[in-house]
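This report refers to the structure that appears directly beneath it.
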Amino acid sequence: MPSTGSVEHHAPPADAWQPPTRLAAVWHALKVGCHIALRAARNLVSPPKHATPAHALADAPLMAEHRSPLWVDGRADEFILRCGKVQNLRAAIGHFQGIEVEPGQVVSFWAQMGRPSRLRGFTVGREIVNGCVVPTIGGGLCQLSNALASLVGSMGAQLIERHRHSARIEQPGPADDDATVAWNYVDLRFVADFAFRLEAELTADELVLRVRSRRNGPPLQRAPVWPLVRDQRAEPPTARGCLTCDQTRCFRHKPRPKPAAGRRALLLNDRQPELARWLAPLGAEADWMLPWVRPALRSRAWQAPAEASVTTARWPSWKRIARQRLTRGEGGRRQAGRARVAEDLARSYARRLRPDHTELILTQELLVPLWRLGALGGRTFDVFVPELPASEIQARLDAAAAATPQAASLTDFRVDEAWLRDEWQALARARRLLTAHHEVHRVLSQAGLPVELLPWDEPPALPRAAPSGTHKPTLTLAGSALARKGAGEVAQVAKALGARVQILGSPPSDLKAWEGIDWVAVGYSGDWLARSDVVLLPAYVEHQPRALLRALAAGVPVIASAACGLGVRSGLTQVVPGDVRALEMAVTAALEGAANEDAPLP
């Protein structure tokens, strides 16, 4: 579609075109400056009102919708300007998303959006000036003004100011869609006699505008354009492109890079070995964005190829280290800390994304923050999803809390409704979802989303661990002693069987529930496997079953819930979380099976 507007409304014939001169450009700039000053003075006398986002009409019926493609217009050699156009649309649509307009209120394109500048996230796009497509800051915003003009006609509102382009590019839109804008004097203004809500979004390949209203009755007939605006009916000429024009004597001409395809960017948080293996074939074909990691932990951090372009987010990572020290433990406080860390990292990455980053691969923690920042609009993106959606986690914990309301770790995970909605919307927009977690794969598949199941990163085969050899069987809780990990059920089974318990995570806070049990917190390092008869994790929620994978590799019986995400495999017995009787029976069977294996043959 055409780009940010031209100043002249009548261009000379294409065969009479002459290269622009510096003198003509100076004269043009002077005229533009005068028009800007005149419009600014008029706005001081009668300032247009700025509409604000609201939710009163969020559930109102859909009145009209307009879709326009993002990537098919213009010459192939102007791809970088098309990328700039899409970036400018990303920066602009947030000023129109969710605004609600009162009856009789005039909507002004520039009053609503403000002046485009680099500091506000705008970049170099394309502008039509005197028949030429010229690279300029904020270029490409006319796709949004075109769409608004078309939407105004569909909804039965009145266009009171609209200007047409002086030239067109290779893929023009319908004549009724043509509405150029140029700060601040070439404006698009419209008004309706009813209240309405405007919604704007960028999908991977479309700009989508919607209008919602509770207006009754048929739409009004389309109102005439403001009579002071000249209505150019003749077919405009095709604009010349600064990046593709062969007029080397033009003062605007200078060699510029002409990438013909976009780049892929990897936006990563903590290293996930399953994702690392999947990313390995990409090598240096992608631009890596990584958090800063302390030297002592770099052996377990992401390792980008030596030849790859790497951006390190230092300040957000230093803030994360400080927050981790302040939000130790589990539950809501830890969850809130994780969310703030992800938001900081997402903002840092979003600022470093270039317009030609058209394809992203990111991790789940960054999904909602990047979605809210608008950084995913106009791009295709894949998401590695190691955890259940927050709404599913909350539902499972709420169901468990109904039976055990006193357990804090079942009730302290709370996410606001806006986050839950945004997460599902962003997941639905992804081109592809990746996960190694079988339960995550099942939930996303049932929701109809495109999800690919990756293999778990299996630890190397370990020697068969010997039984503990004590008079008491030793059960290992492969997690923290929290209700959400099934710690209460493990404690009951240990009492019934007179078993000893090793706890790999944090020790229990409710010591009364563990009275009379021989338990010890041993941590994840050390030789806990050698002292384990059975490894347990009957969790309601579990996303990192690394200890269970180690136990299975060592041949130790494992009893866990499907929530641990390991799927069906040898050596694993699955139980329903909260079913103490089933857990006790499974532990007894595992202990008897191990005893039979160790018994001497007759």
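The values are calculated or read from the model by the stated rules, or taken from the named source; none is laboratory data. Computed from a predicted structure; not experimentally measured. Here the Cβ positions follow ideal geometry from the backbone for every residue, glycine too, while neighbour counts run over all protein chains shown.
The figures follow:
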{"read-out": "Arg67 vs. criteria modelled with pLDDT under 90 and basic (Lys, Arg)", "value": "no"}
{"read-out": "Residue selected from segment 264-315 under the condition within 16 Å of Arg351 (Cα to Cα) and of a type in the set (D, E, K, R), by the criterion nearest to the chain's Cα centre (by Cα)", "value": "Arg264"}
{"read-out": "Lone qualifier among Ala551, Ala539, Ala513, Ala530 - being within 24 Å of Leu275 (Cβ to Cβ) and not in a loop (DSSP other than H, G, I, E, B)", "value": "Ala551"}
{"read-out": "Hey, Glu597 at pLDDT below 95 and either among the charged types (D, E, K, R) or outside the structural domain of Ala530 (by TED's automatic domain parsing) (or both) or not", "value": "yes"}
{"read-out": "Residue list for segment 365-379, restricted to those being under 15 Å from Leu420 (Cβ atoms) and hydrophobic (A, V, I, L, M, F, W, C)", "value": "Leu367, Val368, Trp371"}
{"read-out": "Candidate set from segment 349-398 (those that are free of Cβ contacts under 8 Å to residues at least 40 places away in the same chain and not charged (D, E, K, R)); member that is surrounded by the fewest Cβ atoms within 10 Å (Cβ to Cβ)", "value": "Ala395"}
{"read-out": "Any chance Gly337 is at pLDDT below 85, over 20 Å from Phe381 (Cβ atoms) and part of a helix (DSSP H, G or I)", "value": "yes"}
{"read-out": "Contacts under 7 angstrom Cβ, first residue in segment 424-440 being more than 18 Å from Ala204 (Cα to Cα) and at pLDDT 95 or above, partner in a strand (DSSP E or B) and among the charged types (D, E, K, R), 6 or more apart", "value": "Leu434/Asp382; Leu434/Glu452"}
{"read-out": "Residue match in segment 114-128 (condition: without any contact (Cβ under 8 Å) to a residue 12 or more places away in the chain and surrounded by fewer than 23 Cβ atoms within 10 Å (Cβ to Cβ))", "value": "yes"}
{"read-out": "Odd one out for Ser561, checked against (1) touching a residue at least 60 places away in the same chain (Cβ under 8 Å); (2) surrounded by fewer than 18 Cβ atoms within 10 Å (Cβ to Cβ)", "value": "(2)"}
